[in-house]
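All remarks here apply to the structure that follows.
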Amino acid sequence: MKTVHLRDIDFAVEDEGAGRPVVLLHGFPLTHAIWERQIAALVPKQRVLAPDLRGFGQSGVTPGRVTMRQFADDLAAMLDALGVGEPVVLAGLSMGGYVAMQFFQAHRPRLGGLVLCDTRAAADTPQAAAARRETAVRVEREGPGVLAEAMLPKLFAPATLAGRPELVEQVRQMILGGDPRGLAAAARGLAERPDFTPLLPQIDLPVLVIVGSQDAISTPEEMGVVARSIPEARYVEIPAAGHMAPLEQPAAVGRAMAEFLDSVTASGRSTGS
Ligand code: MLT
């Protein structure tokens with residue numbers, strides 16, 4: 001991975017290929033590695049940037065609380081540091097999708113399109129936010145095992161959980177490798193993220209909405225509503241996948257993304273023309 005220095009942290013980013021840029025954002029509490037197969041699929045045709053967000057993977061950690069706005073501003077600074085001036089397509093899984101919507105709100109001119117993958121527009125309920133803050137304290141005290149235990153059963157389709165132990169183990173190790181301070185800071189940021197629902201009708205860009213057909217966290221029903229609220233959205237449901245659709249069905253997700261990226265390029269939206 002490449003390291004770029006942002007204002008207060010070193011920021012790790014996989015930077016491969018050449019041409020029109022697409023940025024892939026991971027979910028919580030994961031790393032850029034969830035996109036490994038899509039990076040390989042997309043790189044022959046374009047530049048793929050897959051960062052570890054602040055506090056995750058190999059990027060620097062700032063303890064306390066990291067907001068979605070901070071994550072979005074980090075991305076803008078990363079693009080500056082890498083000399084990327086043309087509009088990018090931003091693809092985000094779950095928390096990465098929240099960051100993508102926040103990036104639209106704060107840095108709209110830098111975007112040519114969005115991919116919202118297994119994510120939600122709604123904010124946390126007060127109960128969910130309170131539970132996240134409690135989890136943050138526990139993660140700081142007891143380590144990332146707390147998150148692995150609570151989240152793993154919900155991340156996958158039932159058939160993945162039962163039949164693909166190596167994939168479940170890969171994600172468990174990804175979670176256990178996290179820095180407790182970074183994970184807790186992101187959890188607090190997630191708890192106070194805004195409701196992006198009112199933003200959806202204002203998204204004046206091509207958008208691809210992808211959801212695993214058995215996603216129990218951001219359900220197809222909820223993502224269908226997100227897609228219908230965005231003027232230029234297309235909706236793709238990935239069979240036999242849960243919340244980790246890019247890992248559970250990498251080829252189907254890669255195909256949907258490649259087709260979308262081709263259409264955005266053909267429309268001239270990602271070239272600034
Ligand atoms: C994620 O995958 O990023 C998380 O499920 C997001 C969340 O907890 O809201």
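The values are calculated or read from the model by the stated rules, or taken from the named source; none is laboratory data. Fair warning: this is a prediction, and the values are worked out from it, not measured in the lab. Heads up, the Cβs are rebuilt from the backbone with ideal geometry, glycines too, and the neighbour counts pull from every protein chain shown. Heads up: the accessible areas ignore ligands, DNA and RNA and are worked out on the full protein's heavy atoms, side chains in. Shrake-Rupley method; radii C 1.70, N 1.55, O 1.52, S 1.80 Å.
If I filter segment 131-157 down to residues being under 21 Å from Trp35 (Cα atoms) and open to solvent by 60 Å² or more (accessible area, probe 1.4 Å), which single residue comes out as farthest from the ligand (Cβ to nearest atom)? Applying the filter and picking the extreme gives Pro153. Scanning segment 219-234 for residues that are over 20 Å from Pro206 (Cβ atoms) and open to solvent by less than 80 Å² (accessible area, probe 1.4 Å) returns Thr219, Pro220, Glu222.
Taking segment 102-112, which residues are open to solvent by less than 10 Å² (accessible area, probe 1.4 Å) and more than 16 Å from the ligand (Cβ to nearest atom)? Step through it out loud before you land on a result.
We begin by selecting, within segment 102-112, every residue open to solvent by less than 10 Å² (accessible area, probe 1.4 Å); these are 103, 111-112.
Those that are open to solvent by less than 10 Å² (accessible area, probe 1.4 Å) and more than 16 Å from the ligand (Cβ to nearest atom): Leu111, Gly112.
Of the residues making up segment 184-218, those that are assigned to a helix (DSSP H, G or I), in contact with a Ser or Thr (Cβ under 8 Å, 6 or more places away or on another chain) and either open to solvent by 10 Å² or more (accessible area, probe 1.4 Å) or within 13 Å of the ligand (Cβ to nearest atom) (or both) number 4.
Among Val66, Val99, Val89, Val115, which is the only one that is part of a strand (DSSP E or B), within 15 Å of the ligand (Cβ to nearest atom) and in contact (Cβ under 8 Å) with a residue 24 or more places away in the chain? First the steps, then the outcome.
Numbers: Val66 fails: part of a strand (DSSP E or B); Val99 fails: part of a strand (DSSP E or B); Val89 fails: within 15 Å of the ligand (Cβ to nearest atom).
Only one candidate passes the filter, namely Val115.
Of all the residues in segment 123-146, those that are over 19 Å from Gly182 (Cβ atoms) and in contact with a Lys or Arg (Cβ under 7 Å, 6 or more places away or on another chain) number 2.
Can you list the strands (runs of 3 or more DSSP E) lying wholly within segment 4-52 that have 1 or more residues being within 16 Å of the ligand (Cβ to nearest atom)? Show your work before the answer.
Numbers: elements: 10-16, 21-25, 47-51.
Fully inside segment 4-52 and qualifying: 21-25, 47-51.
How about segment 235-248: which of its residues are under 18 Å from the mean Cα position of the chain (by Cα) and open to solvent by less than 60 Å² (accessible area, probe 1.4 Å)? Val236, Ile238, Ala241, Gly242, His243, Met244, Ala245, Pro246, Leu247, Glu248, listed by residue number. Number of residues in segment 145-183 that are of a type outside the set (A, V, I, L, M), out of contact with any Ser or Thr (no Cβ under 9 Å at 6 or more places or on another chain) and assigned to a helix (DSSP H, G or I): the value is 14. The single condition from (1) more than 16 Å from Ala258 (Cβ to Cβ); (2) basic (Lys, Arg); (3) touching a Gly at 6+ places or on another chain (Cβ under 7 Å) that Arg108 fails is (3).
Would you confirm whether or not segment 118-129 contains a residue that is open to solvent by 10 Å² or more (accessible area, probe 1.4 Å), of a type in the set (Val, Ile, Thr) and within 16 Å of the ligand (Cβ to nearest atom)? Taking every residue of segment 118-129 in turn, at least one turns out to be open to solvent by 10 Å² or more (accessible area, probe 1.4 Å), of a type in the set (Val, Ile, Thr) and within 16 Å of the ligand (Cβ to nearest atom).
One residue is enough: does segment 55-74 have a residue meeting the conditions modelled with pLDDT of 95 or more, within 23 Å of Pro246 (Cβ to Cβ) and either open to solvent by 40 Å² or more (accessible area, probe 1.4 Å) or basic (Lys, Arg) (or both)? Checked segment 55-74: at least one residue is modelled with pLDDT of 95 or more, within 23 Å of Pro246 (Cβ to Cβ) and either open to solvent by 40 Å² or more (accessible area, probe 1.4 Å) or basic (Lys, Arg) (or both). Note on segment 4-16: residues that are open to solvent by less than 40 Å² (accessible area, probe 1.4 Å) and at pLDDT below 95 total 0. Considering the conditions (1) farther than 25 Å from Ala187 by Cβ; (2) aliphatic (A, V, I, L, M); (3) open to solvent by 40 Å² or more (accessible area, probe 1.4 Å), Met1 is excluded by exactly one of them, (1). Scanning segment 160-185 for residues that are touching a helix residue (DSSP H, G or I) at 6+ places or on another chain (Cβ under 7 Å) and hydrophobic (A, V, I, L, M, F, W, C) yields Leu161, Leu167, Val168, Val171, Met174, Ile175, Leu176, Leu183, Ala184. Among residues of segment 17-45 that are under 19 Å from Gln249 (Cβ atoms) and open to solvent by 20 Å² or more (accessible area, probe 1.4 Å), those with a Cβ under 6 angstrom from a residue that is more than 14 Å from the ligand (Cβ to nearest atom) and aliphatic (A, V, I, L, M), sequence gap 6+ or separate chain, pair up as His32/Ala50.
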